[in-house]
1. With respect to Leu277, determine if the residue is open to solvent by less than 40 Å² (accessible area, probe 1.4 Å), within 27 Å of Ala382 (Cα to Cα), within 16 Å of the ligand (Cβ to nearest atom) and in contact (Cβ under 8 Å) with a residue 40 or more places away in the chain.
2. Examine the stretch 391-404 for a residue that is in contact with a helix residue (DSSP H, G or I) (Cβ under 9 Å, 6 or more places away or on another chain), within 16 Å of the ligand (Cβ to nearest atom) and at pLDDT below 95, and state whether such a residue exists.
3. What pairs come out if I take residues in the stretch 149-172 that are without any contact (Cβ under 8 Å) to a residue 12 or more places away in the chain and pair them with residues that are open to solvent by 40 Å² or more (accessible area, probe 1.4 Å) whose C-beta lies under 8 Å away, six or more apart or interchain?
4. Please specify each residue of the stretch 154-180 satisfying the condition of being open to solvent by 60 Å² or more (accessible area, probe 1.4 Å) and of a type in the set (A, V, I, L, M, F, W, C).
5. Just wondering, is there one or more residues in the stretch 290-297 that are in a helix (DSSP H, G or I), surrounded by fewer than 24 Cβ atoms within 10 Å (Cβ to Cβ) and within 16 Å of the ligand (Cβ to nearest atom)?
6. Determine whether the stretch 301-322 contains at least one residue that is part of a helix (DSSP H, G or I), open to solvent by 10 Å² or more (accessible area, probe 1.4 Å) and within 13 Å of the ligand (Cβ to nearest atom).
7. Could you check, for the stretch 227-236, whether at least one of its residues is modelled with pLDDT of 95 or more, under 16 Å from Ile168 (Cα atoms) and either of a type in the set (Ser, Thr, Tyr) or in a helix (DSSP H, G or I) (or both)?
8. Please specify each residue of the stretch 111-124 satisfying the condition of being touching a residue at least 12 places away in the same chain (Cβ under 8 Å) and open to solvent by 70 Å² or more (accessible area, probe 1.4 Å).
Amino acid sequence: MPSTVKNATLLFLGRRIVRARALLGDPAARLLDISPQRDPYPVYESVRRQGVLVKTKMGVYLTASHELCAQLLRDPGFGPLRAGALSPVDSSVEVDGRRLVNPVEESFLVRNPPDHTRLRRLVAPWFTPRGLRAQTATVERVVEEYLDEVAHRGTFDLVGDFAARVPIQVIADLLGVPGADHAAFARWGKALVNALDGVRDLGEMRALHAALREFEEFLDDLVARRRRHPGGDDVVSALAAHDDLSREDLIATTELLLVAGFETTVNLIGNSALAVLGHPETRARLLADPGHADAVVEETLRHDPPVQYTVRVPFEPTEVAGVRIPKGAPIMLMLAAANRDPAVFTDPHRFDPDRADVREHLAFSSGIHYCLGASLARMEGAAALRGLFRRFPGLTAAGPVRRRPSRVIRGAAKLPVATNVTKQHPIVQTIS
Ligand code: HEM
């Protein structure tokens, strides 16, 4: 069977099994089967009520405990899960006779030391506070440019017309993608991000493979150009200068920065804006003090994080919270549920940018895989929120919010807003 068809079939069967088990009441399946339009937090609470670690019939373990999530993320005896044959791009996928690099499976996001350490170190310098200071002015300029474009319209889509445009521009600049290629870069980014939750059919699988193939060709060409003209201060120039770095590692590392830094940040901006639209007292504070944007972004990361969960597997058979866990058994660490653990956060379901312990949240994970772009994401989120409400202090929801069709990534796909109306519209969530 051709690998594309085999992968699509496996993914389709996987989804059928999840649906069947959800109907039978299996907590893991219920979680994976939540409609992205529904509020997932009551389901997380039902898992919490069942115990610190919940064994499910699907062979997956679940935890909503902040303490256990943090412990396992920092435990060197556990590592990330690799989807293997269930990945939409497994190691056998070839397009035009060439194997495709998998942007997630082959990146350092799911690799273990020493490879993880070696690859993360190569790109870490771009994410230090010093490196970021240089980028703040650029991000503020990009925010103002996009707000200029929507200012005359009266209504616009806060996600498509604004939030989605800021991070892609920032990553393109970081990687050193020439301006003429930004539109194609945004298209590849969207194709990769859409596949994060798996692909639904053969058509989507083929579209993903075609986008990856195009992106790889673009990167091969960009790397060749950077090798001919070295010395640039962008990430691709730096990676191209490492002769000992394999083509696969270079491509996977570059693609990881695009995948990890794109949709997550779009949803941080969208979720923070939703929080301000839904909390008049937060809006009043933000208007009086634009510096309050940092606290709003941080509390949004806790209260409604863009990445809802991650997975860890033990390298050896072990015992966790009194439960025997076989080697390689996946434990779903429900980061969004951990962020509302009453053992850590007082009145956890309340949105409160003033809470003192907000930084205890796990929205950026913990341990060696702690989000490399956390400071960049915070800076982008706060700059976007400050700019948005400074420009449009009376911004209001102007139609129903459509949620992203995703369970891992939580946020709005469409958020219509009006800039110059006096009447406040209720924020209504709809099904896409
Ligand atoms: C609000 C925005 C963001 C959120 C919520 C987020 C969340 C996360 C999480 C939860 C992880 C760890 C997953 C795990 O432990 O299994 C992670 C890893 C990572 N993130 Fe982010 N991220 C965001 C923005 C960014 C940005 C802007 C970049 C860079 C441009 C970035 C780059 C990375 C990288 C490279 C990793 C892998 C780190 C490693 O494995 O060592 N992220 N992110």
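The values are calculated or read from the model by the stated rules, or taken from the named source; none is laboratory data. Note that the structure is a prediction, hence the values are computed from the model and not measured. Every residue, glycine as well, gets a Cβ built from its backbone with ideal geometry; the counts of neighbours run over all protein chains shown. Ligands, DNA and RNA are stripped out before the accessible areas are found, and what is left, the full protein with its side chains, is counted by its heavy atoms. Shrake-Rupley method; radii C 1.70, N 1.55, O 1.52, S 1.80 Å.
1. Working: open to solvent by less than 40 Å² (accessible area, probe 1.4 Å): yes; within 27 Å of Ala382 (Cα to Cα): yes; within 16 Å of the ligand (Cβ to nearest atom): no; in contact (Cβ under 8 Å) with a residue 40 or more places away in the chain: yes.
Answer is no for this residue.
2. yes
3. No pair meets every condition.
4. The first filter runs over the stretch 154-180 and keeps only residues open to solvent by 60 Å² or more (accessible area, probe 1.4 Å), leaving 155, 165, 173, 180.
Answer for the stretch 154-180, where residues must be open to solvent by 60 Å² or more (accessible area, probe 1.4 Å) and of a type in the set (A, V, I, L, M, F, W, C): just Ala180.
5. Yes - at least one qualifying residue is present in the stretch 290-297.
6. Yes; the residues of the stretch 301-322 include at least one that is part of a helix (DSSP H, G or I), open to solvent by 10 Å² or more (accessible area, probe 1.4 Å) and within 13 Å of the ligand (Cβ to nearest atom).
7. yes
8. Of everything in the stretch 111-124, just one residue is touching a residue at least 12 places away in the same chain (Cβ under 8 Å) and open to solvent by 70 Å² or more (accessible area, probe 1.4 Å), namely Pro113.
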